[in-house]
Amino acid sequence: FQMSVLFKSKVKCLEGQSVTLTESGSKGLKPGDSHKLTCTASGFTFGDYWMSWIRKAPGKGLEWVASIQYWAGNTKQYSQAVQGRFTISRDNSENKLYLHMSNVKAEGTAMYYCASDTHHCDYDAFDYWGKGTMVTVSSASPSPPQSIFPMFGCGAASGGFYTVACLAHGFSPAESVTFKWKNHAGAQMTDFIQYPAIQKDGTYSRVSQLRVPEKDWEDKKSFICLAEHPSGEKQLPSLYVMTPSQDEININGTATFACLASEFSPATHTFKWQLNDVDKPETYSYASHDENNHTATSFFRIPASEWVSNTKVKCVFDLGQHGQQIKEVELLDSDCRQDPVAIRIIPPSEEDLLVNKSGYITCNISGNIKGVIQAELMAGGKTLVSKNESNGGYYIERAKIKYSEWRNWSDYTCSVKHDSFPTGKKDVTFYNYDLEKNCHKPTIYLLPPPEQIYSDTVTLTCYVKDFSPKQLFVSWLANDKVVNDDDYLRSTATPYKTGEDRFSTYSQLTFKRHLWEADDVVFSCVVYHESSKATVTTMTRSIDNVSQKPSFVSLSLNMPQTCV
């Protein structure tokens, strides 16, 4: 009792101070091995206090291991279970406590905690503890987790937080797995707990739970769960599902979903798609691989008419015994109420306007077309004569206009009345180019196929540069006749900007070599642009009677001096 009073007069209680104790040294050991645990302290004068080690074996209560006196640590105490095998020590200059373990036994498997011993002022209690470090002793080789699964609640947030969890399955020995969590920026997260391991069929499973701020969850930020094991870390692959764009839905009439799985291992995997919980085949997929990680993408395409309110599309990424992930997207009623239809104005094609001198301007309406009451097309504030039709998931209003009308009207409006619009109707406007300010004639080059490359096909290139406005059409002729699609493949790139109000593009014609080598065939590139009626560049192939090598003559015809 007198000694107790003497100790009490020499120390201070830690009440009210900011104290942290951090253990390190988690490891899997075999019986007979040696190991050292370290505890780093902060927030108090470390040398003034007794320090202790306590452990908790799976399925058992807390067990005191060893204690060391303050200051020089001359007095050391041990439990009978570790006497003669474990040594406790301290380094006051570094604020560190150590536990040297030798000749470890299987019963040494436990979570080891360091604690500040305040028995001088609180009747043999430990008032500050570390979070613990796991030591596993087993004669069996450590087995890493076979899989990890993400889990999250289906309900609403509670107290401003959502709860997500990570399940590591199929590892051994017990308590050999610890968890780490990272946010979308890769920073460590600390607001999580991990539960004791549960044994089944000779292996173990363990769960970690993380609290996520409601705003981060609603903003769809990502969170990474790492399951650490003595054999290495295992990370859940990242899985993303991308939804179709409104342009694809409006123009192509399809809805394509992409499911991307990145940084997974091993390489063997499968994708499965479900539409409203019914299995559907994928459209196509591809994968890329490096030494340690793999990436794969699967695509799933459905008619746009099937991507309607309350439709669910689910991607299941399966790594077999290594686990699976599931991501689901849904088109909700609320999404539809915000934008019941998509309205898009499609101008006449360049071929119709520049070659045929007339074409159709189209108002394409998709989505909830049953609510469409009326649609009309206007040009320069004047209502156009139009016809409408319904085609699958589309409502189409179409009006025919002449090339001269197209040049005179700068704006086109589609006005749609719908029973879900708050104001009753919605206007979408398409603006044409200001021709007088932007008109500039193109420069044209016709390029022959490379002579040094021999193949069964040849390709001619028509390069058109520095023109304005952007609308332009390229046609190909063989002996003054438009080439047919059976023997010739035509492709023209979308014009790209090369300067202020200037554009360039190229068109290619690919065909069999025997057509190129035929006698007296003249190929022509015809460029139609608003700066002229037609600009024709021709290339004639001839044979040198001496060298028998092909030669080329390029001609530019009908080049206007001023814009029309």
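The values are calculated or read from the model by the stated rules, or taken from the named source; none is laboratory data. Small disclaimer: the values here were computed from a predicted structure and weren't measured. Cβ atoms come from the backbone with ideal geometry, glycine included; neighbour counts cover every protein chain shown.
Looking only at the stretch 21-44, count every residue that is small (Gly, Ala, Ser) and either closer than 16 Å to Asn95 by Cα or crowded, with 18+ Cβ neighbours inside 10 Å (or both) and tell me the total.
Filtering the stretch 21-44 down to residues small (Gly, Ala, Ser) leaves 24-26, 28, 32, 34, 41-43.
Those left that are additionally either closer than 16 Å to Asn95 by Cα or crowded, with 18+ Cβ neighbours inside 10 Å (or both): 24, 26, 28, 41-43.
So the answer is 6.
Quick one: is Asp48 surrounded by fewer than 21 Cβ atoms within 10 Å (Cβ to Cβ), over 25 Å from Ser172 (Cα atoms) and at pLDDT below 90? Outline the logic, then answer.
On the way: surrounded by fewer than 21 Cβ atoms within 10 Å (Cβ to Cβ): yes; over 25 Å from Ser172 (Cα atoms): yes; at pLDDT below 90: yes.
Yes: the conditions hold for Asp48.
Just to be sure before I move on: is Ala41 farther than 29 Å from Phe171 by Cβ and either at pLDDT 90 or above or polar (S, T, N, Q) (or both) in the structure I sent? Considered against the rule, which asks whether it is farther than 29 Å from Phe171 by Cβ and either at pLDDT 90 or above or polar (S, T, N, Q) (or both), Ala41 comes out as yes.
Can you tell which of Ala115, Ala81, Ala110 is surrounded by fewer than 21 Cβ atoms within 10 Å (Cβ to Cβ) and either under 15 Å from Lys27 (Cα atoms) or among the aliphatic types (A, V, I, L, M) (or both)? Explain how you work it out, then say what you get.
Working: Ala115 fails: surrounded by fewer than 21 Cβ atoms within 10 Å (Cβ to Cβ); Ala110 fails: surrounded by fewer than 21 Cβ atoms within 10 Å (Cβ to Cβ).
Ala81 is the lone residue from the list that is surrounded by fewer than 21 Cβ atoms within 10 Å (Cβ to Cβ) and either under 15 Å from Lys27 (Cα atoms) or among the aliphatic types (A, V, I, L, M) (or both).
Among the residues of the stretch 179-187, is any buried (at least 16 other Cβ atoms within 10 Å of the Cβ), over 23 Å from the mean Cα position of the chain (by Cα) and touching a residue at least 24 places away in the same chain (Cβ under 8 Å)? Checked the stretch 179-187: at least one residue is buried (at least 16 other Cβ atoms within 10 Å of the Cβ), over 23 Å from the mean Cα position of the chain (by Cα) and touching a residue at least 24 places away in the same chain (Cβ under 8 Å). Within the stretch 393-412, the set of residues being more than 16 Å from Asn432 (Cα to Cα) and in contact (Cβ under 8 Å) with a residue 60 or more places away in the chain comprises Gly393, Tyr394. Look through the stretch 58-111, keep the residues that are hydroxyl-bearing (Ser, Thr, Tyr) and in a strand (DSSP E or B), and return whichever of them is nearest to Asp33 (Cα to Cα). The selected residue is Thr87.
Out of all the residues in the stretch 467-505, which are hydroxyl-bearing (Ser, Thr, Tyr) and within 16 Å of Glu351 (Cα to Cα)? Give the steps one after another, and end with the answer.
Keep residues of the stretch 467-505 that are hydroxyl-bearing (Ser, Thr, Tyr), which gives 468, 475, 488, 491-492, 494, 496, 498, 504-505.
The answer is Ser475, Ser491, Thr492, Thr494, Thr505.
A count restricted to the stretch 224-267 and to residues that are at pLDDT 80 or above and out of contact with any Pro (no Cβ under 6 Å at 6 or more places or on another chain) stands at 13. All conditions in (1) surrounded by 15 or more Cβ atoms within 10 Å (Cβ to Cβ); (2) under 20 Å from the mean Cα position of the chain (by Cα); (3) at pLDDT 85 or above; (4) of a type outside the set (Phe, Trp, Tyr) hold for Thr270, with the sole exception of (1). Looking across the stretch 161-207, the residues that are closer than 27 Å to Ser222 by Cβ, in a strand (DSSP E or B) and either β-branched (Val, Ile, Thr) or assigned by TED's automatic domain parsing to the domain that holds Lys131 (or both) come down to Thr163, Val164, Thr178, Ile193, Val207.
Here is a yes/no grid of residues against (1) surrounded by 18 or more Cβ atoms within 10 Å (Cβ to Cβ); (2) in contact (Cβ under 8 Å) with a residue 24 or more places away in the chain:
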{"position": "Gln471", "(1), (2)": "yes, yes"}
{"position": "Leu477", "(1), (2)": "no, yes"}
{"position": "Val483", "(1), (2)": "yes, yes"}
{"position": "Asp487", "(1), (2)": "no, yes"}
{"position": "Arg490", "(1), (2)": "no, no"}
{"position": "Tyr496", "(1), (2)": "no, no"}
{"position": "Glu500", "(1), (2)": "no, no"}
{"position": "Ser507", "(1), (2)": "yes, yes"}
{"position": "Phe511", "(1), (2)": "yes, yes"}
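Comparison of Ser390, Ser415, Ser366 shows that the only residue that is closer than 26 Å to Trp307 by Cβ and touching a residue at least 60 places away in the same chain (Cβ under 8 Å) is Ser366. Select, from Glu376, Glu405, the only residue that is at pLDDT 80 or above and part of a strand (DSSP E or B). Sole residue among the options that is at pLDDT 80 or above and part of a strand (DSSP E or B): Glu376. How about the stretch 495-526: which of its residues are in contact with a Ser or Thr (Cβ under 7 Å, 6 or more places away or on another chain), in a loop (DSSP other than H, G, I, E, B) and either more than 16 Å from Tyr445 (Cβ to Cβ) or at pLDDT below 85 (or both)? Once the filter is applied, which keeps residues that are in contact with a Ser or Thr (Cβ under 7 Å, 6 or more places away or on another chain), in a loop (DSSP other than H, G, I, E, B) and either more than 16 Å from Tyr445 (Cβ to Cβ) or at pLDDT below 85 (or both), the stretch 495-526 yields only Asp501. Quick one: is Thr190 within 29 Å of Glu330 (Cβ to Cβ), modelled with pLDDT of 80 or more and not charged (D, E, K, R)? No: the conditions fail for Thr190. On the given criteria, is Asp466 surrounded by fewer than 10 Cβ atoms within 10 Å (Cβ to Cβ) and either assigned by TED's automatic domain parsing to the domain that holds Leu515 or farther than 15 Å from Arg513 by Cα (or both)? In short, no. Can Asp352 be described as modelled with pLDDT of 75 or more and over 16 Å from Ser390 (Cβ atoms)? So Asp352 fits the description; yes.
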